[in-house]
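Some notes on the structure that comes next.
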Amino acid sequence: MMSSPMRFPSAVALSRTCGAVLMLVGALVMAGWLLGIRSIVQLDPSFAPMQFNTAACFFLCGVALSGMSWGRRGHILAFSTAAAVTVITSVTALQYPARAGFRYRSVRR
């Protein structure tokens, strides 16, 4: 038997906070890619840049994590966003054996 999320208000607050942080990081990096702001995409030149699809998955995972505390509709939202993350990661994983690449993989210099 599943417990109601309202029985554990601190867990609900934690999941919403962590979800919001994931959404914020994902949105900032996607904005960095779209606006060509290299310092957001790659914090230090010695670090690897966060790819656009990774940022999109961060955002979607944040939506899913936050949505888990919204009841039944939130669970449907979480399942849908998890499916989207699965599609994105599957396409990304399949591009390696196919030796295909997407244009967003390079940081503008």
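Since every read-out is calculated from the coordinates, none of them should be taken as a lab result. Just so it is clear, the model here is predicted, and its values are computed rather than measured. Using ideal geometry, Cβ is built from the backbone for each residue, glycine included, and neighbour counts are taken over all protein chains shown.
Here are a few things to note about the model shown:
- Using a simple spin-label model with pseudo-atoms 7 Å out from Cα toward Cβ, Thr89 and Leu43 lie 2.2 nm apart.
- Summary value for region 9-105: 28 percent relative contact order, contacts being C-alpha pairs under 8 angstrom separated by 6+ residues.
- Computed from the C-beta positions of Trp70 and Ala31, the FRET efficiency with R₀ = 25 Å rounds to 0.45.
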